[in-house]
Amino acid sequence: MSTFMFKNKLNNYTPVSNIFIDKYMPKARGEYVKVYLLGIKYCMSGEPGANSAMLSGTLHLLETDLMNALNYWNDEGVIKLSPIDNMGNFNIEFLDLEDSPTEESDNINLLKELDNNSTKDMLSDIEKLLARTLSGKEMQMYISWLSDFNFPPELILLLIEYSVSKGKTDYRYIERIAVSWHDNNIKSIEDAQMFIKKHEDKWIKIRKLLSYLGIKDAEIMKPQEQMLDKWFNSFNFSLDMIYRACDITFARINKADFKYIDAILTNWYKDGIKTLADIDTKDFKKGNYKKSNSNTGGVKTNFNDYEQRSYDYDDLEKKLLGWDKYD
């Protein structure tokens, strides 16, 4: 939770600049406007400060949405957000927009750049793809990629199309993709298409696995994504191999536990087990898994749609957790 200290100008009303209404409000998300209005109200009414929980609760927003809004207005030059300490506390100054720098100085540079018809056409096409007018800051960002990243206009348009296809139109997200492409030395349409295919192929597999586990891709965290990437790319396991590890995990602990699945797959990788046949001929013969002589019957599901086996759970758990080293 963060605390924000307001540099206030005591008033019993909340003035909103016409410049904000005309220039900044139309292109901003609705919740961002709500955050700005509540913040300037607190500032003008003499409140010394407010914490993020109170502000987000008043607006029925998440604290992360509140922080995103404040960062947005800081980037737009509407407020000045200055860290007080390393604990997530900030000073907020609502700038006098009449006296604040406008895009006029930027427009001088933009006018020079817009003399180039290909650049002008590129910006026009980007606006069509994003279905909104670009700010001066966005225009400068896209133009800078032509020289800083050595991206041709058609590559920038492909990047925007890719972002829009994923439902992402925020310029910060688009910028992160551009930096990623630059870091991966993407310079042409062909480079980008190969990079996208490789990335999308990885996520097709990941989404299939998450669907098998009943998990939405939006619900996984970065450490889990790194595990998934390791299973597919470092270990080079097939989906069927990982499905089997998931089945064993579910049969053992009755839930989809990433660490448990990772322990199984790591042991298989270390033991040179690469296929389902290897599991049956190598791993199962070690005594970790013993064939069941019983006929349990029942309806097959995702978790029992293979030859059923009974497990030496104590021995398996020791090996998975590394406890067998201390026996």
Quiz item: Is it fair to say Leu61 is aliphatic (A, V, I, L, M) and assigned to a helix (DSSP H, G or I)?
Solution: no
Self-check item: Residue in the range 123-137 that is at pLDDT below 85 and in a helix (DSSP H, G or I) present
Solution: yes
Exercise. Taking the residues in the range 147-184 that are at pLDDT below 90 and in a loop (DSSP other than H, G, I, E, B) as candidates, determine which candidate is farthest from Ile126 (Cα to Cα).
Key: Asn184
Quiz item: What helices (runs of 4 or more DSSP H) lie completely within the range 198-284 and have 1 or more residues being at pLDDT 85 or above, under 20 Å from the mean Cα position of the chain (by Cα) and of a type in the set (Gly, Ala, Ser)?
Solution: none
Quiz item: Only one of (1) surrounded by 13 or more Cβ atoms within 10 Å (Cβ to Cβ); (2) more than 30 Å from Ala263 (Cβ to Cβ) fails for Arg172. Which number is that?
Solution: (1)
Quiz prompt | Residue among Asp96, Asp85, Asp115 that is under 18 Å from Phe20 (Cα atoms) and modelled with pLDDT under 85 | solution = Asp96
Quiz item: Right, Thr58: more than 26 Å from the chain's Cα centre (by Cα), more than 23 Å from Arg172 (Cβ to Cβ) and at pLDDT 85 or above or not?
Solution: yes
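The values are calculated or read from the model by the stated rules, or taken from the named source; none is laboratory data. Just so you know, these numbers come straight off a predicted model, no measurement behind them. For neighbour counting, all protein chains shown are included, and Cβ atoms are generated from backbone atoms with ideal geometry for every residue, glycine included.
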